[in-house]
């Protein structure tokens, strides 16, 4: 592996949506990082099957973190040193942080029985029902059945008080309940910060040095990622950055910056920052 001044951990869900156009300039940014030999590690709530097509289209050949911090996926032969605990999942060596399926599927069934709240797993639906509930074309929706760690589901006929009771029981079991638009996910042991730390240690061992860890997050969901990074950027809409025509106050640590995603030079600013401060 070539020497690099930094590793970039980038939340790509808002940049490469399942439906719709890629964020303007993101493809040029990834090409610039490749040219500079700076790995960009993708972070996504999607599964390895769902993220496979975007990776292929953009030529992404670095590790990535999937299912919202459930596991780290390493391409074949990327590191010459193997982590002590791994799984083989498809074409990837995976560092599991959460418990693999069927642990979450079994936990969902137990939680529904105990709380008497009806949760319907996506994997139990017919192809037509799956596409309707996911709001995706049938082929894309079908990929959501095949999660390595997460259990995707929706509440059927549940009131807000039912969801709160269900969430309290999940928290008592130290599981992770995350909202995914109109859907929910249940995982056992998911931890994005641990994923970032595990992969950062592998890079440090391979490089025999400690590169800077840069995080790129999207909006208010960035805190967990940024807490594991040395520096970072939070991509915001211009309207969210201003209050009454003035830049809003931020509660982020000083080493993190909020930048406007719709600013034409946003990616150039990030590239320049990497060159000047790492």
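I'm told residue 209 meets every condition in (1) closer than 30 Å to residue 81 by Cβ; (2) touching a strand residue (DSSP E or B) at 6+ places or on another chain (Cβ under 6 Å) except one. Can you identify the failing condition by its number? Going through the list (1) closer than 30 Å to residue 81 by Cβ; (2) touching a strand residue (DSSP E or B) at 6+ places or on another chain (Cβ under 6 Å), residue 209 breaks only (2).
Take the conditions (1) touching a helix residue (DSSP H, G or I) at 6+ places or on another chain (Cβ under 7 Å); (2) modelled with pLDDT of 95 or more; residue 145 misses just one of them, which is (2).
Does residue 69 satisfy the condition of being within 24 Å of residue 187 (Cα to Cα), under 16 Å from the mean Cα position of the chain (by Cα) and buried (at least 21 other Cβ atoms within 10 Å of the Cβ)? Before the answer, list the steps.
On the way: within 24 Å of residue 187 (Cα to Cα): yes; under 16 Å from the mean Cα position of the chain (by Cα): yes; buried (at least 21 other Cβ atoms within 10 Å of the Cβ): yes.
Yes; evaluated as a whole, the condition is true for this residue.
If we keep just the residues of segment 172-186 that are over 22 Å from residue 133 (Cα atoms) and loosely packed, with under 11 Cβ neighbours inside 10 Å, which is modelled with the lowest pLDDT? So, considering only residues that are over 22 Å from residue 133 (Cα atoms) and loosely packed, with under 11 Cβ neighbours inside 10 Å, the one modelled with the lowest pLDDT is 174. Would you pick out the residues in segment 75-101 that are buried (at least 18 other Cβ atoms within 10 Å of the Cβ) and free of Cβ contacts under 8 Å to residues at least 24 places away in the same chain? Listed by number, the list holds a single entry, 93. For residue 131, the conditions (1) surrounded by 18 or more Cβ atoms within 10 Å (Cβ to Cβ); (2) more than 30 Å from residue 215 (Cα to Cα); (3) modelled with pLDDT of 95 or more all hold with the exception of (3). Listed by first and then second residue, the pairs with beta-carbon distance under 7 Å, at least 6 apart or on different chains, first residue in segment 157-172 and in contact (Cβ under 8 Å) with a residue 24 or more places away in the chain, second in a helix (DSSP H, G or I) and surrounded by 12 or more Cβ atoms within 10 Å (Cβ to Cβ), are 165/115; 166/111; 166/115; 169/111; 169/114; 169/115; 170/111. Out of all the residues in segment 20-30, is one or more more than 26 Å from residue 274 (Cα to Cα) and at pLDDT 95 or above? No, every residue in segment 20-30 fails to be more than 26 Å from residue 274 (Cα to Cα) and at pLDDT 95 or above. Based on this model, can you work out whether residue 168 counts as farther than 23 Å from residue 44 by Cα, modelled with pLDDT of 90 or more and in contact with a strand residue (DSSP E or B) (Cβ under 8 Å, 6 or more places away or on another chain)? Answer is no for this residue.
For segment 204-222, which positions are in contact (Cβ under 8 Å) with a residue 12 or more places away in the chain and within 19 Å of the chain's Cα centre (by Cα)? Write out each step before concluding.
Step one: of segment 204-222, the residues in contact (Cβ under 8 Å) with a residue 12 or more places away in the chain are 205-207, 209, 211-219, 221-222.
Scanning segment 204-222 gives 213, 214, 215, 216, 217, 218, 219, 221, 222.
Which ones in segment 171-183 are under 20 Å from residue 106 (Cβ atoms) and out of contact with any strand residue (DSSP E or B) (no Cβ under 8 Å at 6 or more places or on another chain)? If the condition is that a residue be under 20 Å from residue 106 (Cβ atoms) and out of contact with any strand residue (DSSP E or B) (no Cβ under 8 Å at 6 or more places or on another chain), then 172, 173, 174 are the ones that fit. One residue alone among 51, 7, 65, 95 is modelled with pLDDT of 95 or more, touching a strand residue (DSSP E or B) at 6+ places or on another chain (Cβ under 8 Å) and assigned to a helix (DSSP H, G or I), and that residue is 51.
Identify, from the list 20, 59, 77, 90, the residue that is touching a helix residue (DSSP H, G or I) at 6+ places or on another chain (Cβ under 7 Å) and on the phi > 0 side of the Ramachandran plot. Break it down stepwise before answering.
Details: 20 fails: touching a helix residue (DSSP H, G or I) at 6+ places or on another chain (Cβ under 7 Å); 59 fails: touching a helix residue (DSSP H, G or I) at 6+ places or on another chain (Cβ under 7 Å); 77 fails: touching a helix residue (DSSP H, G or I) at 6+ places or on another chain (Cβ under 7 Å).
That would be 90, the only listed residue that is touching a helix residue (DSSP H, G or I) at 6+ places or on another chain (Cβ under 7 Å) and on the phi > 0 side of the Ramachandran plot.
The residues of segment 209-231 include none that are at positive phi and either buried (at least 16 other Cβ atoms within 10 Å of the Cβ) or modelled with pLDDT of 90 or more (or both). Would you tally the residues in segment 156-201 being out of contact with any helix residue (DSSP H, G or I) (no Cβ under 9 Å at 6 or more places or on another chain) and part of a helix (DSSP H, G or I)? Here the count works out to 14. Taking segment 10-29 as the range and being crowded, with 22+ Cβ neighbours inside 10 Å and in contact with a strand residue (DSSP E or B) (Cβ under 6 Å, 6 or more places away or on another chain) as the test, the residues that pass are 10, 11, 12.
The values are calculated or read from the model by the stated rules, or taken from the named source; none is laboratory data. The model shown is predicted, which means the values in this text are computed figures rather than measured ones. Using ideal geometry, Cβ is built from the backbone for each residue, glycine included, and neighbour counts are taken over all protein chains shown.
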